[in-house]
């Protein structure tokens, strides 16, 4: 009876496993093999011969690739740090259960629910110097910057790209933190207050350390999403001005789907995946381990 | 001569006439050279095309084709930005699930592995494209002497301008770049609107090269030299590029947003009564004269004119087309060819253009020579099609190379940087170095 149950379990799981293998594992392995082959769709609709590590070596001498690496790192740092800080600040403000806060919390999910591509389009429209509402507000509030074409300047373009991401993610992160704050034991905080700690000290020495496991998990999740930033690059900046907002994922897409160099695009994608894997491993191994002590 | 001999002779004469007059005579009862007798009845075709008003109008009338041939056609419409991705994914899968693709001319050479050569079909059915289409449109569907697609949508560039603002400023419609700058300054000074909306931004099919090409070519420079190595960083090329961006940087007649605008945003700057001129594909005229899409004062006052040129030099503009080709992996190539013949017939194009029952169809265009000079069409468009035909005479496509998308991306970055204030020569040299590497990697 026991062995039959074991057998039924696998039969029931088989369709899901087959779909998973077909849609994830197979493309994963296929693209890995492709990364060692010459395959330009302009020459052949099927992969050609093996070229060893040529595609990987080319990446390390490709200025466009390195530019996209630096853009991705810069964007990731800005978007992760600001999303977490703003998310935490919103969570602390809305933590108390009042009617207004409950209403505000329900609004928080909307920016996150918005399609990333649509975020890019909307922000591009709002920043248009001819008829953009955000551009008009900024011109009014900061008249000394009224000549700035926000998406026409490299650093501002990266900033606004990060803002679209923060605008979507900070409220979601706030919701996660609100949930975590509600689950924290109140006894330690009350004890600290009785001992004379002020609000900041309670937050810094009691609340924040207790929140740390959640902060680390959310940080990892947000980092992964930031590193693979693509949609808003396409719809907000198109990678410009120049190459100022060409993230690594966007660069890989261009190599594969615009320039039809599938071998090179596969190699770049694997560099991205491997880097992310190492980052996630180190992050979890050391930071999470530290938290468990 | 007895009756038997007479019948035999008659059959022989009819057969010989049939041979001499070609297939068109044998299918004389079928329009557009379609095969008689519905040999592909019951076939179902899938046509992948972008979601333009033109495609919607074609889909609306496809029942006529089904009635004539018994072939059913499903229009698979996707937004233009994802069209290439969709073609690539389907073509690489190689299942033949989609029978026909509509593609941008510049993509064609890089997609020849996915497309069926059409030369044999054309020859068999006695179709001479040069009789039907302007040379730039034929070139847009051809690579290395082989035809891979026939366009149903194509665009020449035109200068679209506000007649009322020109009148207020007391300036004439510019014929040269110098006159355009002078007109732009006068308009800015007297009406408060920006002279022209340019689009130097990056990110959508290298749109910032559309007008750069006009400056470059009419300035006597070229993108490549005879050995297919970059020539756009020659002194003439640098001068043309500098002049192109100086509309914004030096003369200040372009909208400030031009620095990051894409083509549609430049057109919108005019639609929103912010700028007086824009040089774009002619279909934008349909948008700018539509009171639902543009401010009323704009819609009532739009005019069109040929693209200006350098002083004392010839005019040179770009033409863009969207050919339709047959998937190499299609299992219904003959039926697909029948559909392509119907889709590219001038009667369908004319009927679609003249049908103004839906305001969304204002952006429908014609590409056939016959229709470009058709009096009825020109009456409706106030002669724009004749002006377009003249523009097409001096138009050319971008270089038809498999490497073009990669080359264009390199130059696109340079233009975007230059419009942001970077040094023109440095950026163009950098782009030329990149393009040289691309071309060498491809064996040039």
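Miscellaneous remarks
- Candidates are the residues of region B:89-106 that are part of a helix (DSSP H, G or I) and out of contact with any helix residue (DSSP H, G or I) (no Cβ under 6 Å at 6 or more places or on another chain); the one that is surrounded by the most Cβ atoms within 10 Å (Cβ to Cβ) is B:90.
- Region A:52-65 residues that are touching a residue at least 12 places away in the same chain (Cβ under 8 Å), paired with ones that are assigned to a helix (DSSP H, G or I) and surrounded by fewer than 17 Cβ atoms within 10 Å (Cβ to Cβ) (beta carbon under 9 Å, 6 or more apart): A:59/A:66
- Residue B:221 meets the conditions (1) touching a residue at least 24 places away in the same chain (Cβ under 8 Å); (2) part of a loop (DSSP other than H, G, I, E, B) in every case but one. The failed one is (1).
- For region B:388-444, the set of residues classified as farther than 25 Å from residue A:152 by Cα, in a helix (DSSP H, G or I) and facing chain A (nearest Cβ under 9 Å) consists of B:438 only.
- You will find that of A:235, A:247, the residue that is over 25 Å from residue A:89 (Cβ atoms), touching a residue at least 40 places away in the same chain (Cβ under 8 Å), more than 11 Å from every other protein chain (Cβ to nearest Cβ) and under 17 Å from the mean Cα position of the chain (by Cα) is A:247 and no other.
- Qualifying residue in region B:78-86 (condition: in a helix (DSSP H, G or I), surrounded by 18 or more Cβ atoms within 10 Å (Cβ to Cβ) and within 14 Å of chain A (Cβ to nearest Cβ)): yes
- Among (1) at pLDDT below 90; (2) buried (at least 23 other Cβ atoms within 10 Å of the Cβ); (3) more than 13 Å from chain B (Cβ to nearest Cβ), the one test that residue A:288 misses: (2)
- Out of B:294, B:299, sole residue that is in a loop (DSSP other than H, G, I, E, B) and farther than 30 Å from residue B:86 by Cβ: B:294
- Among the residues making up region B:344-376, those that are assigned to a loop (DSSP other than H, G, I, E, B) and either in contact with a helix residue (DSSP H, G or I) (Cβ under 7 Å, 6 or more places away or on another chain) or surrounded by 17 or more Cβ atoms within 10 Å (Cβ to Cβ) (or both) are B:344, B:345, B:355, B:364, B:365, B:366, B:367, B:368, B:373, B:374.
- Selected residue (only one of B:67, B:74 is assigned to a strand (DSSP E or B) and over 26 Å from residue B:400 (Cβ atoms)): B:74
- Here residue B:261 meets each of (1) within 25 Å of the chain's Cα centre (by Cα); (2) away from every other protein chain (no Cβ under 11 Å); (3) assigned to a loop (DSSP other than H, G, I, E, B) with one exception, condition (2).
The values are calculated or read from the model by the stated rules, or taken from the named source; none is laboratory data. Here the structure is a predicted model, which is why all the values come from computation and not from measurement. Reconstructed Cβ throughout: ideal geometry from the backbone, glycine too, with neighbour counts over all protein chains shown.
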